[in-house]
Protein chains: 2
Amino acid sequence: MSDMNRKSTGPHRSTKQRAAIKDALVAARGFRSAQELHDELKAEGQRVGLTTVYRNLQALASAGEVDVLRTSEGEAIYRRCGTGEHHHHLVCTECGNSVEVGSEEIESWAKRVAKHHGFTPVDHTAEVFGICSGCSK
Amino acid sequence: MSDMNRKSTGPHRSTKQRAAIKDALVAARGFRSAQELHDELKAEGQRVGLTTVYRNLQALASAGEVDVLRTSEGEAIYRRCGTGEHHHHLVCTECGNSVEVGSEEIESWAKRVAKHHGFTPVDHTAEVFGICSGCSK
DNA sequence: ACGGATTTGACAATCGTTTTCAATAAGTCC
DNA sequence: GGACTTATTGAAAACGATTGTCAAATCCGT
Ligand SMILES: [Zn+2]
Ligand SMILES: [Zn+2]
Ligand SMILES: [Zn+2]
Ligand SMILES: [Zn+2]
């Protein structure tokens with residue numbers, strides 16, 4: 001009952017819904033919006049409320065278990081990545097499939113640019129969007 | 001050549017509202033959301049409808065006269081940049097001030113990453129967020 | 001199984017943005 | 001200038017994604 005936790009005050013109980021959401025994200029193997037994930041769960045016979053999908057994706061994201069991006073329309077898309085380490089993505093705009101790309105080149109570029117202009121670096125984005133070989137044929 | 005095409009679909013009449021919006025963006029010297037710009041116009045005594053601000057920012061953006069980014073919350077922010085050529089940004093998350101950073105390094109990285117995985121490159125994002133020297137005091 | 005705290009989910013509310021459509025005003029012709 | 005045509009404006013309604021509400025369901029330690 002003490003809260004000597006760190007920044008990530010993760011969930012305390014394990015529920016079927018949370019497991020289903022995690023599984024669906026893993027099976028997706030790419031970026032999905034909350035609504036897409038909800039649709040896929042429904043199609044799969046799982047009954048999980050849309051609100052619950054949003055809440056859990058949120059929790060997973062702030063726990064660092066999933067990555068979040070924004071589409072050019074501003075919609076949040078989530079992905080369960082293979083590594084918890086910082087990385088960037090190559091994303092297919094057609095099917096959401098993506099590749100994780102670590103890049104020391106980008107990291108040093110971001111730091112260099114910030115310092116060169118007297119900024120304290122906080123964050124950076126660097127994602128490549130394209131059409132994957134499967135979708136382009 | 002592609003720049004000529006973009007401008008052909010531009011607005012046909014010049015209005016006080018459009019001029020006021022452009023001026024406000026220039027004066028801002030950084031990224032602003034549609035609502036922030038609307039507030040600044042109002043504070044300045046200009047009466048421009050919020051809808052008109054949205055519409056003109058949209059038009060300016062698709063004409064290539066302003067750049068658009070998304071905040072981590074998904075809100076669209078706009079900036080009148082000094083150049084029409086492709087570039088990226090270093091943005092202060094406190095005040096919106098930003099620096100344009102051209103980077104052949106990023107361009108080649110994006111192309112290389114896409115090709116290496118069989119993707120047809122479509123677009124890419126690469127922005128650095130931080131606190132500018134003025135805001136970090 | 002009991003009981004209390006956590007989690008769920010249907011619904012309402014919110015937020016940024018777009019659409020609608022009647023009123024306004026820019027550009028043109030006289 | 002004045003009449004005319006039509007792009008543009010703007011208040012309000014509609015919209016889609018996301019968040020808040022809160023009673024009911026569920027998990028879990030005892
Ligand atoms: Zn694809
Ligand atoms: Zn990085
Ligand atoms: Zn600043
Ligand atoms: Zn670039």
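The values are calculated or read from the model by the stated rules, or taken from the named source; none is laboratory data. Everything numeric in this text was worked out from a predicted model, so none of it was measured. Positions of Cβ are generated from backbone atoms using ideal geometry, with glycine treated the same way; all protein chains shown enter the neighbour counts.
Quick notes on this structure:
- Output for the range B:104-123, where each listed residue is over 18 Å from A:Asn97 (Cα atoms) and either buried (at least 17 other Cβ atoms within 10 Å of the Cβ) or in the same structural domain as B:Ile77 (by TED's automatic domain parsing) (or both): B:Ile106, B:Trp109
- Within the range B:29-70, the set of residues being over 22 Å from A:Ser72 (Cα atoms) and of a type outside the set (A, V, I, L, M, F, W, C) comprises B:Arg29, B:His38, B:Asp39, B:Glu40, B:Lys42, B:Glu44, B:Gly45, B:Gln46, B:Arg47, B:Gly49.
- Scanning the range A:74-92 for residues that are closer than 10 Å to A:Ser33 by Cβ and not hydrophobic (A, V, I, L, M, F, W, C), we see that the one that is surrounded by the fewest Cβ atoms within 10 Å (Cβ to Cβ) is A:Glu75.
- Residue within the range A:113-134 that is in contact with a Pro (Cβ under 6 Å, 6 or more places away or on another chain) and away from ligand 3 (no atom under 16 Å from the Cβ) present: yes
- Test: residue in the range B:21-28 that is modelled with pLDDT of 95 or more and in contact with a helix residue (DSSP H, G or I) (Cβ under 6 Å, 6 or more places away or on another chain): yes
- When A:Ser72 is tested against (1) away from chain B (no Cβ under 13 Å); (2) within 17 Å of B:Ala114 (Cβ to Cβ), only condition (1) is not met.
- The residues of the range A:86-95 that are more than 11 Å from chain B (Cβ to nearest Cβ) and at pLDDT 90 or above, listed by number, are A:His86, A:His87.
- Scan of the range B:124-137 for residues that are more than 7 Å from chain A (Cβ to nearest Cβ) and either buried (at least 19 other Cβ atoms within 10 Å of the Cβ) or under 20 Å from the mean Cα position of the chain (by Cα) (or both), ordered by number: none
- Test: residue in the range A:27-34 that is surrounded by 14 or more Cβ atoms within 10 Å (Cβ to Cβ), more than 11 Å from every other protein chain (Cβ to nearest Cβ), within 16 Å of DNA strand C (Cβ to nearest atom) and at negative phi: yes
- Residue match in the range A:115-123 (condition: more than 7 Å from chain B (Cβ to nearest Cβ) and among the polar types (S, T, N, Q)): no
- Odd one out for B:Ser98, checked against (1) assigned by TED's automatic domain parsing to the domain that holds B:Gln17; (2) small (Gly, Ala, Ser); (3) buried (at least 18 other Cβ atoms within 10 Å of the Cβ); (4) at pLDDT below 95: (1)
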